[in-house]
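Working notes for the structure below.
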Amino acid sequence: MLFKQLFDEKSCTYTYLIADLDSKNAILIDPVDTNLDIYIDLLKEHNLTLKYSLETHVHADHITASGLLRQQLGCKTAVSSLCGAKTADIQIQDGDIFEVSQDEYIKAIATPGHTPGSISFLWRDRIFTGDALLINGCGRTDFQGGDASNLYDSITQRIFTLQDDTLIYPGHDYNGRWVSNVRQERSSNSRLANKTREQFIDIMDNLNLPEPKLIDLAVPANRYCGVDPETANQAEIQQTEKVNPMQKHFTVQYLTDEAKRYITEIDVAKVKSTIDLDTICVIDVREQNEVDEGYIDNAQFMPRGVLEFKIDSLEAIKNKSDTILLYCRSGNRSALAAKVLQDMGYSNVLSMAGGYEAWKQHA
Ligand SMILES: N[C@@H](CCC(=O)N[C@@H](CS)C(=O)NCC(=O)O)C(=O)O
Ligand SMILES: [Fe+2]
């Protein structure tokens, strides 16, 4: 077998290659788009066929290479069914098995908390924990539907219950460390060792980390495996046209325009003249720092990355046919959010064109 741990310097992301040198089958975990050529060269060097590109979750800090790898090499992309990544070939469920070759299996273990769809992958004596468990740390739980209580259960009940000498390969390390093991993390991880659930939640609630710089670009892109949705499933066409995959990169503008084709936008003048905002559900999908600078009266606050996971908790929405008005700063994020809600079955979702900026301008 061949095992390689690759490091992306920009996002401090680890990517893993697992390959069987007899059957020549290979699997990548968490590939990063900017390293596509490195992966292709590595696979070529060992004459390997990439079977699967697996994601531990929808990343917020970098764009996955999985869609590009599918276009170039015809592999299958796989991400948790809870991630809302519809264009992925495989919607992973807890316990799914990925066969590298006849006697080599990788098992998916659901470890929600950093995101609801976070998955760890167990192979032989090692587990790839993504951002669930990091070395002397863990994934943050303050965006993308994160939940510290769930993360505590995932780590203590699903990862720490593995054999003590199981190797832990994380999704990131920001301090130059590469690998740990269960015994080490259980006994000395400063967020978890000898900590109760309440203590852990308290630590997670007070991390005060800045948002990943790429979050607004990366999360929607990664839901489409990092490529624009119209080309995501056209490996053959891509190859016959000899399109440079790097030119097919996702751009936030493209996806926003795509979303706007499917949703209903309403301009501020129309909102003000025709809608009684006290009788419908108005949701502000901006981040807290933006909300602090002003908002529309009676709005509910739910940032776009969280909306789809928490909308059920809004008492103001009784039926999926209730009118919902979404707004953000300029109208792009709310359009993407409206498309997601529409896909979830909400049938009367409006996105306010121009967002809060336009609202403020309008007398
Ligand atoms: N500074 C990084 C973001 C780092 C970050 O927030 N990483 C996430 C993983 S997506 C995390 O959970 N970090 C945990 C921690 O730093 O304790 C960037 O701008 O991309
Ligand atoms: Fe993450």
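No value in this document is a laboratory result; all are computed from the given coordinates. All values derive from a computational prediction rather than experimental measurement. Every residue, glycine as well, gets a Cβ built from its backbone with ideal geometry; the counts of neighbours run over all protein chains shown.
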Item to check | Compactness index (Cα Rg / 2.2 N^0.38 Å), segment 94-184 | outcome: 1.04
Item to check | Residues whose placed amide H lies under 5 Å from that of residue 77, excluding near-sequence neighbours | outcome: 53, 89, 90
Item to check | Candidate lysines - alpha carbon under 17 Å from residue 44, same-chain residues fewer than 8 apart omitted | outcome: 4, 24
Item to check | Burial order of peptide ranges 25-38, 64-77, 343-356, 304-317 (average beta-carbon count within 10 Å, highest first) | outcome: 64-77, 25-38, 343-356, 304-317
Checklist entry - Can you give the charge dipole size of the chain about its Cα centre, rounded to the nearest 20 debye, using +1 on the beta carbon of Lys and Arg and -1 on the beta carbon of Asp and Glu? => result 220
Checklist outcome for this item: Burial-style ranking of 134-140, 116-122, average other-beta-carbon count within 10 Å with highest first, yields 116-122, 134-140
Next on the checklist: Helix-only mean residue ellipticity at 222 nm, the chain, DSSP H runs n ≥ 4 weighted -39,500 (n - 2.57), per residue, nearest 500. What is it?
Outcome noted: -7500 deg cm²/dmol
Checklist entry - What lysines sit close enough to residue 272 to cross-link, taking a C-alpha to C-alpha distance under 24 Å and skipping anything fewer than 8 places away on the same chain? => result 260, 318, 320, 339, 360
Checklist entry - Looking at segment 126-235, which chymotrypsin sites (Phe, Trp or Tyr not before Pro) are DSSP coil and have at most 13 other C-beta atoms within 10 Å of their C-beta? => result 174, 178
Item to check | Degrees separating the helix 36-45 axis from the principal Cα axis of the chain, which is the longest one | outcome: 20
Item to check | Fraction of beta bridges assigned by DSSP in segment 2-222 that are antiparallel (%, nearest 5) | outcome: 65
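Set the Förster radius R0 to 30 Å, insert the Cβ-Cβ distance between residue 22 and residue 167 as r into 1/(1 + (r/R0)^6), and round the FRET efficiency to 0.05. Before the final figure, lay out the partial values.
Numbers: r = 23 Å, r/R0 = 0.76.
My answer for the efficiency is 0.85.
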Item to check | Inter-centroid distance (Cα atoms) of segment 1-68 relative to segment 116-195, Å | outcome: 20
Next on the checklist: For residue 310, give me every one of the aspartates and glutamates with a C-alpha distance below 12 angstrom, ignoring sequence neighbours fewer than eight places off in its own chain.
Outcome noted: 147
Checklist entry - Which semi-axes, in whole Å and largest first, does the equivalent ellipsoid of the chain have when worked out from the alpha carbon gyration tensor as the square roots of 5 times its eigenvalues? => result 37, 26, 16
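Using DSSP, restrict attention to beta bridges with both residues in segment 1-55 and report what percent are antiparallel, rounded to the nearest 5. Intermediate values should be presented prior to the final figure.
Numbers: 11 of 16 bridges.
Taking every DSSP beta bridge within segment 1-55, about 70 percent pair in antiparallel fashion.
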Checklist outcome for this item: Between the Cα axis of helix 332-343 and the main Cα principal axis of the chain, the angle (0 to 90°, nearest 10) is 80
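Relative contact order for segment 2-222: what is it in percent, counting Cα pairs under 8 Å that are at least 6 residues apart?
17
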Next on the checklist: What does the C-alpha gyration tensor say about the overall shape of segment 258-361? Classify as rounded when a/c is under 1.5, otherwise prolate if a/b is larger than b/c, or oblate.
Outcome noted: rounded
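Pairs of Cα atoms under 8 Å, at least six residues apart: use those to get the relative contact order of segment 93-165, whole percent.
Working: 124 pairs, mean separation 19.1, N = 73.
So the answer I get is 26 percent.
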Item to check | Computed over segment 258-361: relative contact order in percent, which uses C-alpha pairs under 8 Å that are six or more apart | outcome: 36
